[in-house]
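The values are calculated or read from the model by the stated rules, or taken from the named source; none is laboratory data. What you are looking at is a predicted structure, and each value in this text was computed from that prediction instead of being measured. As a convention, Cβ positions derive from the backbone with ideal geometry for all residues, glycine included, and neighbour counts pool all protein chains shown.
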Amino acid sequence: MVTVNKSDAKRPDVVAKKKLENALRQVEVAENVDNSDSEDSFLGVPDDDVDERSDGEDDVDLDIVDESRVLASGDGEDDSDDKDEPDDDETPSFSGVSDTEGSTHLTTATFSDIESDSVPSDLEEEEDDAMKSLQKAIEKASQKPAEDVITIRKRRKLGLPTHFAPTVDDSEDVMPAKKKVTLDDIRAHTSSSFGTRSLARLDELEKRSKGKSEVVKSRLGRRLEVRVDRAAAYEIAKEEVGKWEDTVKRNREAEHLEFPLQRSDGAATADITGALDLGDELDGEKLVHGLEGREFSLAEVAARRNELRRMRELMFREEMKAKRVKRIKSKTYRKIHKRERERAQEIAAQLEGESGDENNEGSYERLVKRARERMELRHKNTSDWARDVKRMNLHKSKGTRDELEQMLRRGEDLVRKIEGDDNEISGDDLPSINDDEEATDEASGIMAMKFMREAEERLRKRNKESIDELRRMEDGLDGETEQEDTDSAVKIINEGRRRYAPGAQKSKEAAEESVEQSNQEDDAPVPLERKMASIAVKDAGPASTISKKLMSKKGEPRNDGPKSSKTSNPWMLDVEPGSVAKGASVLSLSKESTRFAKTEAKLKRSLKKAKKAVQAVGDGEAEVRIDINQILQVRDVHGDPDAGPNFVNVEDSHVMMVHKGGRRAKPAEFQQRELVKRAFAGDDVVREFNEEKQRTVEDEGDKEVDVTLPGWGSWTGKGVRKPQKKFIQKIEGINPKNRQDAKLKNVIINEKAVKKSAKYTAGAVPFPYETREQYERSLRMPIGKQWSTQTTVQRLTKPKVIVKPGVVVEPLSAPFAT
Amino acid sequence: MSAVETPERIGHTGAGTTNAGLDIYGSIYSRTMTNKNVRIKDRKLRANVKRTDQRYKDAIRAAKSTELLLQEDAGFLEAEGMEKTYKFTQDELLKHVDVTTAHKGFELKLEHFGPYEIDYMRNGRKLLLGGRKGHVAAFDFREGTLDTELHVNETIRDVKYLHNDQYFAIAQKKYVYIYDKSGTEIHCLKKHIEVTNMEFLPYHFLLATVGNAGWLKYQDVSTGESVCEFRTKMGPTTSMTLNPYNAIIHLGHTNGTVSLWAPSTSTALVRILSHKGPVRAISVDRGGRYMATAGADCQLKIWDVRMYKEVHAYYTPTPPTSLDISDRGLLAVSWGPHVTIWKDAFRTKQKSPYMTHLSPGSTVNDVRFCPFDDLLGFGHDEGFTSLIVPGAGEPNFDALEINPYETLQQRREAEVHGLLNKLKPEMIALDPNFIGNVDPRAPDERKQALVLETTGETDKKINDADAKLQPKAKMRGKNSALRRYLRKKSKNVIDERKLRVEAALEREKGMRQNNLKRRKGLPVEERKLGPALARFGKSK
């Protein structure tokens, strides 16, 4: 407050003068006021009138008037402060000034606050009142919560003047509400005839209105009042709007907005269920109780009843519809509706999933599962064509049946491929063979195949187990079955499908090996011979008497193809060297061949006779091998007769097109290359190319252009000064060091290339991005369906705002209110 | 025993790698880019960038997950023990493949009009043969149905299918001709003289030709316009190929250089000295990474086309005549009567070829892999032969892109789509991803380039100083509320307001003129009576 006084003290006289003028004008207005006007208007309204008038006349005037008013009110507060401390009786300088000119007091009828300041006598008289108001103010201040007090800083924020009031509440209290200005007060200060005349008129007015109403307490200046109101309203509004902040933020940050935002079905279902609950107890006593308890109004009850009625009606209709639908016998209809229902379920499941954490994984897994299903179904009987074939009995014709079978076979193949293991064919359907000896003895044809044998083995094992278990049960020991399960090679993952866990596989192999070993135990010292013999015997046919187990082991790879060679490929181990041996008449062993192979080759020689016998027997497999030999022989004859046992002959290296240090280069070839060399001896293309590169570098590099005007400065004769330097313009090009091809040999890259592409590039980094990299990274992912999956394209092209068609988009209701 | 992995995998329902072990950034779907994680200050932008990245990752993951649907694996020949895959003959192979595939390995004896140039249609359905002495045949080799067969009665140097099987171009003795499916001559391109090699840019609908004169010419086959013509200045062009990745044309010249061309630039983008003799054949792999060149100096070189560095060099006993790289990266080289096929020849230098073939007594002229099939066709002196090359073709096709089984309707739709999505010739550049990127040039330089593009003036340089001197032609204040009112008002209706407005305009005009006169010091006609009395004066 002090500062305000200081700043205004510079021109107190001017202000006072203006105040006086204003006051006079006010009085005039007051005089013109009609009798019908209430005291309210008499006291409050003239402000505006004055403003309007002064608008027309002088703007500066108005400003000052306003200011004086403000100052006056400020003084009032000041005084009230003064009243706190009785010893500080001095009036502020400004009010002092106004005191000196007694005539101003005339005007204070309109400015009760000014008036109150400027009358020291009143001050004394009403000291008690002031004290009371002060106390009240203090009480109020202590009662009010801190946030209700608008501090100066806040005022500044709101754009309100801060210099006249520390708090709004104070000003309210300072406002001399209790002090009712009477005409007597005014009269005491009037002296001029003009004043008396107007006072007389006021008297009259007073008399007339005395009977009707009490004097209304005076108010702050309207403008101030409005301002204060606004500030308060702003606070409230701010708080109210602040509640929306989260919602707005969320919506603003959302990638997509789908309207209606708040899903209505939740609320709707809640409504329905609520209504249904009530519906059950409708007309019952409970409802009445409920109503009694909550004291519903009549209208509410009616509304409730109407709603219930509506719900019942809807239910009834639904029921009728269901009945009607139930009667429909059309299969197509059923089919379509089933699909719809499933879709709805799926969506529901999805929604459910979304609420949970494992949404993505779950849906992805489901998708994968579905894809797998579909893949497996692809070549099943389920296709339309297959069904048609069946329906129309087309499968009786051979061609169609073959196709059908082929399809099924392909389907099986695919499934097997997906499973990743051809050998996994469960042997459940096989006839059970209980006796070991019988099985081994009778194995022939399909039963001789490996998988059949394995299946048998498994079956046997299981039987044995079950027998064991039964025995154990008899003994009363059945608690250990589980352990048995885990130990066994076969691990059951789910019913119907049999898989080998890696560990289990090993154990199984080990088991088999041990069995094998037990069979071979006596053969251990001479395994190779034994092996060779076994091959020979195997090739000899099923009539052999050697252990069947060994034979099956050896015989399997032929039927199996390359797949089975992965784990333990007996073909690779045993038969390969054997095959080498067979081809020995035309092939010799390479240098790299191992010692093992060599010794084996020796052994082979000793077994030559046996093998010849094998070939004499000649089953299909042996024939194939012979074929290979023949082919190889033919090759050798063609290629290089004197190359002898060397497999990789000259023709091969010729075919290879790979430089091999010229060691193998034959004279003919050498001649050819020499010829080529000679053919291109004349044109030194490398030199030419380098020259061209040099030219290009110079062309595209910096250039100096002589722009000297011809003839300029070329005067000659005595006393002529030497002509100035030449004018040389330098045109910047590309520095040879910075060229892309600076370090590349035999390459010229055009640095001036791609001039025409300017229109397909951006001139600058577009707005939200800060760097080129950020922007270009955003372009990295093409949106089109050619490059992405359907779902990706849909996600990338999903619009920001989606409005469900045909739905009324309600304005957002506050979620926090409910 | 030779093992063709599984018989049904040969043929186009056969093969496609599933790189199961790769992380998403290593997969073929990722588009590598500098992944600088510079902290972005702006929160909104940061969120935006993060979201974009996430989308990108999701997209890659989704694309990768669709590999599940590709049931077919690529299968190559596998040798066991001492066997070598290059020892397997076609006869042996035929025994082990299924019947349909075996049918595709065939030989056509056409002894009179060879040697033959060949071209497969983009979807691998149709085959076009052109004998040097004028015999042309277009047919579906699987079905065995002939589209057309004709004799042009003059030399044929090259044949090329256009965007579908409906049209094909033939480079004849003097001009290039375009025929339709039934063999009717539709166009004669008289600007393309003595063409030796042709390429078709399917996404740009451009036919690029080059000939003995050394002019590279681009012709838009959808509009018929000649797009551009460039003089190579390197004499007769001996070979030509299209980089399928960025649509750049690679030309091989007699001086051993290979030059790279785009319609946007009149000079070669890159020149590479590859051989010491004429470049006989060029081929670029599907991904645009490797280029194979074969020269008359009996060299076969593999280049990294992105780095312009030589990777490997092989030699051929006699100069190669033709090269081709299959979709799955097999490289076929023909030299003399031999065809040699190389597997993985780009990354590592191979010691031995994958397959070899000999067609005794007839020089191989042109080798081409059949798209989406494990076939290699080659035209030679005595006709055409189709070899079975397991693992050559891409087994999994994208039916939205190129559909080997397209119906009539699909073919038509694809044509319309292709035309709607036709790319502009200027979009061809070494880096095809440049579109939309920020121009690295300075703004004024770029502006100049833009002006040049729009005006089409190539030589004129815009001088900044001159531009500054030019006074700006400003025409201000022509519009006003009154004028606008008059303009909007229909001409034939005369009302009070219109009259008033006209009068006001007139008055304003007079005042303006007076002002002008005053400024120039000319005598101004003053109203003698003044504003108050003027109304009583003589009316105009």
| field | Test for A:Val793: is it assigned to a helix (DSSP H, G or I) and either among the aliphatic types (A, V, I, L, M) or under 28 Å from B:Lys447 (Cα atoms) (or both) | value | yes
| Out of all the residues in the range B:205-236, which are touching a residue at least 40 places away in the same chain (Cβ under 8 Å), farther than 17 Å from B:Ala262 by Cβ and in contact with a strand residue (DSSP E or B) (Cβ under 8 Å, 6 or more places away or on another chain)? | B:Gly211, B:Val221, B:Pro236
| said: For the structure I just gave you, tell me whether A:Val705 is more than 9 Å from chain B (Cβ to nearest Cβ) and at pLDDT below 85. | reply: yes
| said: Take B:Lys343 and tell me if it is farther than 26 Å from B:Gln90 by Cα and within 14 Å of chain A (Cβ to nearest Cβ). | reply: no
| said: Test of understanding: among B:Ala399, B:Ala345, which residue is surrounded by 24 or more Cβ atoms within 10 Å (Cβ to Cβ) and either free of Cβ contacts under 8 Å to residues at least 60 places away in the same chain or part of a loop (DSSP other than H, G, I, E, B) (or both)? | reply: B:Ala345
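Okay, residues lined up against (1) touching a helix residue (DSSP H, G or I) at 6+ places or on another chain (Cβ under 8 Å); (2) acidic (Asp, Glu); (3) more than 19 Å from B:Ala281 (Cα to Cα):
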| site | (1), (2), (3) |
| --- | --- |
| B:Cys228 | yes, no, yes |
| B:Gly235 | no, no, no |
| B:Met240 | no, no, no |
| B:His250 | no, no, no |
| B:His253 | no, no, no |
| B:Gly256 | yes, no, no |
| B:Leu260 | no, no, no |
| query | So which of A:Gln794, A:Gln790, A:Gln740 is within 30 Å of B:Leu273 (Cα to Cα), modelled with pLDDT of 85 or more and surrounded by fewer than 18 Cβ atoms within 10 Å (Cβ to Cβ)? | reply | A:Gln740
| said: With the structure loaded, tell me whether A:Ala762 is surrounded by 13 or more Cβ atoms within 10 Å (Cβ to Cβ), in contact with a helix residue (DSSP H, G or I) (Cβ under 8 Å, 6 or more places away or on another chain), closer than 30 Å to A:His256 by Cβ and hydrophobic (A, V, I, L, M, F, W, C) or whether it fails that test. | reply: yes
| note | Within the range B:142-197, the residues that are out of contact with any Ser or Thr (no Cβ under 7 Å at 6 or more places or on another chain), on the phi > 0 side of the Ramachandran plot and not acidic (Asp, Glu) are B:Gly144, B:Asn153
| request: Tell me which residues, restricted to the range B:402-426, are in contact (Cβ under 8 Å) with a residue 24 or more places away in the chain and within 14 Å of chain A (Cβ to nearest Cβ). | output: B:Ile402, B:Asn403, B:Ala414, B:Gly418, B:Asn421, B:Leu423, B:Lys424, B:Pro425, B:Glu426
| Which residue out of B:Arg328, B:Arg286 is part of a loop (DSSP other than H, G, I, E, B), more than 17 Å from the chain's Cα centre (by Cα) and more than 9 Å from chain A (Cβ to nearest Cβ)? | B:Arg328
| query | Only one residue in B:Pro371, B:Pro390 is under 30 Å from B:Ser226 (Cα atoms), part of a loop (DSSP other than H, G, I, E, B) and touching a residue at least 12 places away in the same chain (Cβ under 8 Å), so which one is that? | reply | B:Pro371
| remark: Flagged in the range B:81-120 as under 20 Å from B:Asp158 (Cβ atoms) and over 35 Å from the mean Cα position of the chain (by Cα), in numbering order, are B:His112
| remark: Looking across the range B:224-239 at residues that are among the hydrophobic types (A, V, I, L, M, F, W, C) and more than 10 Å from B:His253 (Cβ to Cβ), the single one that is surrounded by the fewest Cβ atoms within 10 Å (Cβ to Cβ) is B:Val227
| request: Only residues that are free of Cβ contacts under 8 Å to residues at least 24 places away in the same chain and in contact with a strand residue (DSSP E or B) (Cβ under 9 Å, 6 or more places away or on another chain): list them for the range A:696-719, please. | output: A:Asp706, A:Val707, A:Thr708
| request: Return a yes/no flag: does the range A:766-773 have any residue that is buried (at least 16 other Cβ atoms within 10 Å of the Cβ), in the same structural domain as A:Asn690 (by TED's automatic domain parsing) and in a loop (DSSP other than H, G, I, E, B). | output: no
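Residue-wise test of (1) small (Gly, Ala, Ser); (2) more than 14 Å from every other protein chain (Cβ to nearest Cβ).
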residue	(1), (2)
B:Gln54	no, no
B:Ala59	yes, no
B:Glu67	no, no
B:Asp73	no, no
B:Thr85	no, no
B:Phe88	no, no
B:Glu92	no, no
B:His103	no, yes
B:Lys126	no, yes
| task | Inspect the range B:137-152 for any residue being among the β-branched types (Val, Ile, Thr), part of a loop (DSSP other than H, G, I, E, B), in contact with a Gly (Cβ under 9 Å, 6 or more places away or on another chain) and farther than 22 Å from B:Ser222 by Cβ and give the result as yes or no. | result | yes
| message | Quick check on B:Asn153: is it in contact (Cβ under 8 Å) with a residue 40 or more places away in the chain and more than 19 Å from B:His357 (Cβ to Cβ)? | response | no
| Can you list the helices (runs of 4 or more DSSP H) found entirely within the range A:217-332 that contain at least 1 residues being in contact with a Lys or Arg (Cβ under 7 Å, 6 or more places away or on another chain) and either at pLDDT 90 or above or surrounded by 10 or more Cβ atoms within 10 Å (Cβ to Cβ) (or both)? | A:222-242, A:264-280
| request: Report yes if some residue within the range B:296-308 is buried (at least 18 other Cβ atoms within 10 Å of the Cβ), within 9 Å of chain A (Cβ to nearest Cβ) and either without any contact (Cβ under 8 Å) to a residue 12 or more places away in the chain or among the β-branched types (Val, Ile, Thr) (or both); otherwise report no. | output: no
| Complete set of residues in the range B:179-207 that are under 17 Å from B:Met240 (Cβ atoms) and among the acidic types (Asp, Glu) | B:Glu194, B:Glu199
